[in-house]
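The values are calculated or read from the model by the stated rules, or taken from the named source; none is laboratory data. On a predicted model such as this, the values are computed, not experimentally measured, just so you know. With ideal geometry, Cβ positions are generated from the backbone for all residues, glycine too; neighbour counts draw on all protein chains shown. Surface areas here come from the heavy atoms of the whole protein model, side chains and all, with no ligands, DNA or RNA. Shrake-Rupley method; radii C 1.70, N 1.55, O 1.52, S 1.80 Å.
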Amino acid sequence: MEKISVLMNCYNGERYLDEAIQSLFNQTYSNWELVFIDNCSTDNSSKIVEKYGSKIKYYKTTKNVPLGKARKYGVSKCGKYIAILDSDDIWLPNALEELHKAITSGNYALAYGNIYQINKKGVKIGKITNLHAGTSGNFFEKLLYQFDIPIVCTIIDKEKMLECGLNFDEKIHGSEEYCLFVELALTTNFIAIDKYLVQYRTYDSLTAKLNELIYQERFYTLNKIVKKHPQIRSKYRKAFDVAYARGSYYKAQYHV
């Protein structure tokens, strides 16, 4: 049984942290380590983590940094397989087992599943079935049309990611998964499994806060890909047009 590094980035996440970590200890897949990145929290997050013992590897940034940079720092502390759990979400007991089974079933750089949505009180308020659930292969064009990967329901092959010269972008504050995963999908294969694995906590206030970042970082990602691969826009012209149009939609939504 291969070890999975579970990457958790945290900034003042004490409210739900116990629940998130406990969901990890409840996993049917037992060979894991938690790589906990404390992004200079000022609450009791570090004290909560201390009580869980040797399966937790605790690291602290020297200053509060953008989420992309914090996740990149965390990747440097992880092994071959990296699953991502945020400090306010809850994994279902079979999450790691299903994600590991999926990514090792073929030549995949990333595997992901579906999510249940919960509110602040932990009450289930909906579910999201990923558009490409049950399929596999090259997802680059698909993700340009509709990005549907929930970062807290993913597992990444770190070796394949680094072979592509990729990692989380240090400049990204709110759409770090879009930036990395769309680039990674260009040259590797993904698998999307049709299973619900995570209870994802949603916040209206957070969505409003990230609206400006979403459109700016979407444009940033698309422009970065086009700059690195000058012929790519003509090859996927329609898909890029849709991706840029979606960024413009988010921009208009923010200004409204």
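Order PHE147, PHE139 by their accessible area, 1.4 angstrom probe, all chains in place, largest first.
PHE147, PHE139
With a cap of 12 neighbouring Cβ atoms within 10 Å, and only residues DSSP puts in a loop, list the trypsin sites (Lys or Arg not before Pro) found in segment 7-103.
Sparse-neighbourhood loop trypsin sites (Lys or Arg not before Pro): LYS51, LYS63.
Given R₀ = 22 Å, FRET efficiency for THR104-TYR59 by Cβ-Cβ distance, to 0.05?
0.25
Looking at the P(r) of segment 106-238, how many percent of alpha-carbon pairs lie beyond 24 Å?
Considering segment 106-238, 33 percent of its Cα-Cα pairs are separated by more than 24 Å.
Using just the Cα positions, wrap segment 1-116 in a convex hull and report its mean projected area in square nanometres, one decimal place.
Mean orientational projected area (segment 1-116, Cα hull): 7.2 nm².
Given springs between every Cα pair under 10 Å in a Gaussian network model of the chain, which of TYR244, TYR52, TYR145 has the largest fluctuation?
Largest GNM mean-square fluctuation: TYR52.
In segment 1-152, with Lys and Arg counted as +1 and Asp and Glu as -1 at Cβ, which of these residues, GLY68, TYR81, GLY126, has the Cα nearest the positive end of the dipole, that is, farthest along it?
It is GLY68.
For segment 61-124, state what percent of all Cα-Cα pairs lands in each successive 5 Å bin, counting from 0 Å until the bin that includes the largest distance.
Once binned at 5 Å, the Cα pair distances of segment 61-124 give 3, 12, 20, 19, 19, 15, 9, 2.
Over 18 Å between Cα atoms: which of LYS142/LYS235; LYS101/LYS195; LYS63/LYS160; LYS3/LYS171 fall into that group?
LYS63/LYS160; LYS3/LYS171
Taking Rg and Dmax of the Cα atoms in Å straight from the coordinates, which label in (i) 16.5, 47; (ii) 17.6, 54; (iii) 19.4, 62 is the correct one?
Read-out taken from this structure: (ii).
Net charge near THR28, counting Lys/Arg +1 and Asp/Glu -1 over other residues with Cβ under 12 Å of its Cβ?
Local charge sum for THR28: -1.
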